[in-house]
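To keep things clear, I will list the structure first and then write my remarks on it.
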Amino acid sequence: MKHKSRHKKYLKKALRLAAKGMFTTGANPRVGCLLVKNGQVIAEAYHQRVGEPHAEALALQQAGSKAAGATAYVTLEPCSHQGRNPPCADALIHAGIKRVVVCNDDPNPLVAGQGYDKLRNAGISVISGLLAERGDELNRGFFHRMHTCLPWVRCKLAQSIDGRTAMASGESFWITGKPARSHVQYWRGRSGAIITGIETVLADDCQLTVRPDQLPQKYRKLGHDFAQQQPLRVVIDSELRIPPAARVFEHAATVLVVTASENRQKSQQLEALGAQVKVLPDQQGAVDLGAVIRYLGTIEINEVLVESGPTLAGAMLQQQLLDELLIFTAPVIMGSAARPLFKIDIEEMAKRLHIKPIQFKALGNDWLIRALVKQ
Ligand code: AOF
Ligand code: ZN
């Protein structure tokens with residue numbers, strides 16, 4: 001028991017290290033590693049970017065020959081394959097690590113238990129599954145994509161206490177206060193893609209970028225990463241109506257316009273700005289939303305944030321494309337003429353949709369309710 005709480009203490013630190021890669025690991029998981037010998041932390045590292053060294057490799061490099069006989073605390077099963085990086089399991093064996101303590105198994109089919117096998121076969125003791133829920137929270141998107149080939153899709157909504165998201169005119173700035181909006185920046189930042197609808201772009205002329213200076217205090221020092229890379233902004237625009245002057249094109253290199261109608265001339269015009277245009281199959285004239293999510297899986301996006309109006313959010317909910325809701329709720333009443341959260345027809349009580357709340361958090365005067373949609 002005493003051992004277990006000591007292991008958890010070090011794994012918590014490894015999880016905090018892993019979280020430093022929150023905004024940068026892209027298609028890869030967030031992973032932290034701590035090497036401990038004789039009760040002393042001798043190295044600590046985290047994985048930062050696709051193509052760069054893994055957490056274990058960086059920690060072993062820091063420790064040098066001192067690594068022999070140490071325990072490695074790693075938030076993810078060490079990899080066993082030769083990818084862009086050599087296998088971490090081999091490196092741990094080679095360095096003489098005596099024990100490896102892990103939060104989550106790596107569901108990547110190239111690893112999936114083979115990392116543990118390598119370590120055990122070399123006589124290293126392996127303890128896995130400690131603080132697994134915390135690790136799940138960190139890498140839910142990566143794990144989900146490894147299991148389903150699809151990204152984990154969150155939908156962010158801001159509502160009044162009477163469940164309204166915009167006035168009848170479309171006016172919606174601001175329902176929630178600054179702390180809640182700052183929290184949204186965090187969810188944007190950790191997402192590989194942000195999806196919105198053409199109606200939102202036309203109505204709000206939004207940029208949908210991460211503003212590093214508006215991130216929650218805790219994450220602000222990681223904000224410099226966004227100068228190099230913003231999440232991919234995906235505009236669902238079935239008829240390619242988006243104006244080239246839209247502010248979303250101010251950082252055009254990370255804009256993907258998804259459409260159902262071919263228009264070579266307009267596409268070329270947008271591509272000249274640096275954006276990408278992708279024609280996907282349609283469903284009764286509108287972009288097939290399922291195809292969009294599948295496409296984002298193929299380009300290795302782990303986490304997606306949908307920030308749209310009630311039509312797109314309702315369609316995605318109805319088509320079971322949402323995994324999680326982030327509902328920011330403000331203590332205001334907007335009245336019955338205002339717009340609801342989801343445009344979705346449900347006529348009978350028996351057909352109501354159940355969601356599973358996983359977190360309630362106070363943010364200034366507002367609340368965040370996080371809930372899982374599919375169970
Ligand atoms: C680890 N430690 O820090 C990370 C791991 O292309 P590569 O070689 O960088 O391999 C990427 C895969 O390795 C990724 O899909 C995941 O399975 C694992 N990530 N493993 O032991 C790390 N980032
Ligand atoms: Zn590795």
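The values are calculated or read from the model by the stated rules, or taken from the named source; none is laboratory data. In this text, all values refer to a predicted model and were calculated from it rather than measured experimentally. Note: ideal-geometry Cβ built from the backbone for every residue, glycine included; neighbour counts use all protein chains shown.
Figure legend. Inter-residue proximity from segment 94-122: first residues under 19 Å from Val36 (Cα atoms), second residues surrounded by fewer than 14 Cβ atoms within 10 Å (Cβ to Cβ) and of a type in the set (S, T, N, Q), beta-carbon distance below 6 Å, spacing 6+ or different chains. Indicated pairs: Arg99/Ser125. Candidates are the residues of segment 295-312 that are aliphatic (A, V, I, L, M) and buried (at least 16 other Cβ atoms within 10 Å of the Cβ); the one that is nearest to Phe142 (Cα to Cα) is Ile301. Do we have any residue at all in segment 229-240 that's surrounded by fewer than 16 Cβ atoms within 10 Å (Cβ to Cβ), closer than 20 Å to Gly297 by Cα and in contact with a strand residue (DSSP E or B) (Cβ under 8 Å, 6 or more places away or on another chain)? The answer is no, given that none of the residues of segment 229-240 is surrounded by fewer than 16 Cβ atoms within 10 Å (Cβ to Cβ), closer than 20 Å to Gly297 by Cα and in contact with a strand residue (DSSP E or B) (Cβ under 8 Å, 6 or more places away or on another chain). Condition test on Arg16, is it more than 14 Å from ligand 1 (Cβ to nearest atom) and at pLDDT below 95? Taking the combined requirement at face value, the residue does not satisfy it.
Okay, residues lined up against (1) in contact with a Phe, Trp or Tyr (Cβ under 7 Å, 6 or more places away or on another chain); (2) outside any strand (DSSP E or B); (3) surrounded by fewer than 21 Cβ atoms within 10 Å (Cβ to Cβ):
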| position | (1), (2), (3) |
| --- | --- |
| Ile293 | no, yes, no |
| Gly314 | yes, yes, yes |
| Leu317 | yes, yes, no |
| Phe342 | no, yes, no |
| Ile346 | no, yes, yes |
| Ile358 | no, no, yes |
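Restricting attention to segment 122-145, the residues that are buried (at least 18 other Cβ atoms within 10 Å of the Cβ) and under 21 Å from Val306 (Cα atoms) total 7.
Asp106 meets each of the listed conditions (1) more than 14 Å from ligand 2 (Cβ to nearest atom); (2) closer than 22 Å to Ser191 by Cβ; (3) among the acidic types (Asp, Glu) apart from (1).
List the strands (runs of 3 or more DSSP E) that sit entirely inside segment 108-192 and contain at least 1 residues that are more than 12 Å from the chain's Cα centre (by Cα), at pLDDT 95 or above and over 22 Å from Tyr73 (Cα atoms).
Ranges flagged: 152-160.
Residues that are free of Cβ contacts under 8 Å to residues at least 60 places away in the same chain, more than 22 Å from Gly189 (Cα to Cα), basic (Lys, Arg) and touching a Lys or Arg at 6+ places or on another chain (Cβ under 9 Å) do occur in segment 33-43.
Does Val332 qualify as being among the β-branched types (Val, Ile, Thr) and out of contact with any Pro (no Cβ under 6 Å at 6 or more places or on another chain)? When the stated conditions are applied, Val332 passes them.
The residue that is surrounded by the most Cβ atoms within 10 Å (Cβ to Cβ), counting only those in segment 23-62 that are within 12 Å of ligand 2 (Cβ to nearest atom) and part of a loop (DSSP other than H, G, I, E, B), is Val31. Evaluation of Ser308 against the conditions (1) assigned to a strand (DSSP E or B); (2) more than 26 Å from Met146 (Cα to Cα); (3) in contact with a Gly (Cβ under 8 Å, 6 or more places away or on another chain) shows that the sole unmet condition is (1).
In segment 63-75, the residue that is farthest from ligand 2 (Cβ to nearest atom) out of those that are within 29 Å of the chain's Cα centre (by Cα) and of a type outside the set (S, T, N, Q) is Tyr73.
Close contacts from segment 45-73, counting a first residue that is among the acidic types (Asp, Glu) and a second that is part of a helix (DSSP H, G or I) and within 13 Å of ligand 2 (Cβ to nearest atom), with Cβ to Cβ under 7 Å and a gap of 6+ residues or different chains, come to Glu56/Cys88; Glu56/Ala91; Glu56/Leu92.
Out of contact with any Lys or Arg (no Cβ under 9 Å at 6 or more places or on another chain) and away from ligand 1 (no atom under 14 Å from the Cβ): does that describe His3?
Yes: the conditions hold for His3.
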